[in-house]
Amino acid sequence: MVDHLAARAGVLAEVVRGDLVESVHLGHLVVLDAAGSVLVSVGDPDAVIFPRSSLKPVQAVASLRCGFSVGEPGTPVADALLALACASHNGEPRHRGGVQAILDAVGLGVDALRNTPDLPYDAAAALAWQQAGHGPEAIAQNCSGKHAAMLAACVASGWDTATYLDPDHPLQRAVAVAVAELTGDVAPPHLTKDGCGAPLLSTSLRGLARAFSRLVTAPEGTPEARVARAMSAHPEMVGGVGRDVTAAMTAVSGLVCKDGAEGVYAGALPGGASFAFKVLDGAARPRPAILAAVLRAAGALDVAPGAAAAIDALGDVPVLGHGQRVGAVRVDLAQEAPAGAEGTTA
């Protein structure tokens, strides 16, 4: 399976130092128009991957469908807290405070969280956390918003909260339904465990892009539309200070996107054009440069003409020598010819 995935990969980014290409990042990428047809592809647009945290917005849709709310039963969750449910957050005070607010609203303590204890993702937040006398804790780990939302959904539905990470738990079955529905993938998914301990389902790359398109084009008031609105309105809750996912959504009004571990990214523009990519070696370094290129290819400047400088800044990943710029990460999607022009299911 790994060899097959590598054999079908194309060049996503080149690392240029001086006048020499020093390293090359291979992978798979697809940009779809609003109708689901391929605008740009690299490698195999139907490659089957683990989407990692890029799947969190779909998991949040499932939590909403299962009753995720705060306060009195049925009380709509605030957009900032819903965005946090989709987050791989920095662990800043606002993120930890939001997780605590969700748990408090449903009468649970932090001990109900079953995600892997960790330090905050952001270095400055981690240092402040440790200086305050803390070590690795579930609430500080970047997936705690997702887990708090899952717990709140279990409380609303009257389900056991101790076993919410069991793949056969009603909540996780609802997640599987949402993944199949929004991706449109018809092949049975691979199932494993994500880094935070939650069940993780595979998707096709095209299916992952299609899911984000369905989020941004969903009718107003639906769980899908609520997730899209929350993420777009509160990008600071989805990532945090210094994060490219936050910078991208801040720059392009209405953009919904989500990073994932092992070199994954997915997103969609308000009109429904969408994208997904997987850096084959799992590296995070080229992701901002690739993200900037796919935003342009998907039509971000048609949506937000004033975002050109911000997108350029996002995609500017310097290569340093002795602290000075001696090169950059280079992405040229024009070198790749579109493939698989029809938006079929995987």
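The values are calculated or read from the model by the stated rules, or taken from the named source; none is laboratory data. In this text the structure is predicted, and so the values were computed from the model without any measurement. Positions of Cβ are backbone-derived with ideal geometry, glycine not excepted, and every protein chain shown enters the neighbour counts. Each accessible area value is taken on the protein alone, full model and side chains, heavy atoms only, with ligands, DNA and RNA left out. Shrake-Rupley method; radii C 1.70, N 1.55, O 1.52, S 1.80 Å.
Quick look at the values:
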| quantity | calculated |
| --- | --- |
| Gaussian network model of the chain, springs between alpha carbon atoms under 10 Å - residue of 98, 109, 133 with greatest fluctuation | 133 |
| Region 255-309 and region 96-154: distance between their alpha carbon centers, rounded to Å | 28 |
| Contact order relative to length of region 174-325, as percent, for alpha carbon pairs under 8 angstrom and 6 or more apart | 17 |
| Unmatched cysteines, the chain - criterion: no other Cβ of a Cys under 4.7 angstrom | 66, 86, 154, 257 |
| Net charge of neighbours whose Cβ lies under 11 Å from the Cβ of residue 259, counting Lys and Arg as +1 and Asp and Glu as -1 | +3 |
| Helix axis angle, 56-65 relative to the chain longest principal axis, alpha carbon, degrees | 30 |
| Relative contact order (percent, whole number), the chain, Cα cutoff 8 Å, 6+ residue spacing | 26 |
| FRET E, pair residue 176, residue 297, Förster distance 25 Å, beta-carbon r, rounded to 0.05 | 0.20 |
| Size of electric dipole in the chain: Cβ of Lys, Arg +1 and of Asp, Glu -1, about Cα centre, debye, nearest 20 | 160 |
| Where the chain is the region considered: accessible area per residue in Å², 1.4 Å probe | 39 |
| Of 78, 12, 68, farthest towards positive along the dipole that unit charges on Lys, Arg, Asp, Glu beta carbons give region 1-81 | 68 |
| Inter-label distance for residue 332 and residue 168, nm, one decimal - labels placed 7 Å from Cα along Cα-to-Cβ | 5.5 |
| Highest average packing first - 11-17, 253-259, Cβ atoms within 10 Å | 253-259, 11-17 |
| Size of charge dipole - region 134-287 - debye, nearest 20, with Cβ of Lys, Arg +1 and Asp, Glu -1, no other charges | 380 |
| Relative packing of peptides 70-79, 118-127, 271-280, 188-197 - highest average C-beta neighbours within 10 Å first | 271-280, 118-127, 188-197, 70-79 |
| Rounded to the nearest 20 debye, dipole of region 1-153 from Cβ charges on Lys, Arg, Asp, Glu | 320 |
| Partner lysines for residue 146 [C-alpha distance under 18 Å; skip if fewer than 8 residues away on the same chain] | 56, 193, 258 |
| With every protein chain in place, region 154-212: carbon and sulfur % of accessible area (1.4 Å) | 58 |
| Distance (nanometres) between label positions extended 7 Å along Cα→Cβ at residue 186 and residue 24 | 3.5 |
| Highest-first arrangement of 308-320, 54-66, 222-234, where packing means the average Cβ count within 10 Å | 54-66, 222-234, 308-320 |
| Accessible surface of region 1-93, 1.4 Å probe, proportion on carbon and sulfur as whole % | 60 |
| Built amide H within the under 5 Å cut-off of residue 12, gap 5+ | 25, 26, 27 |
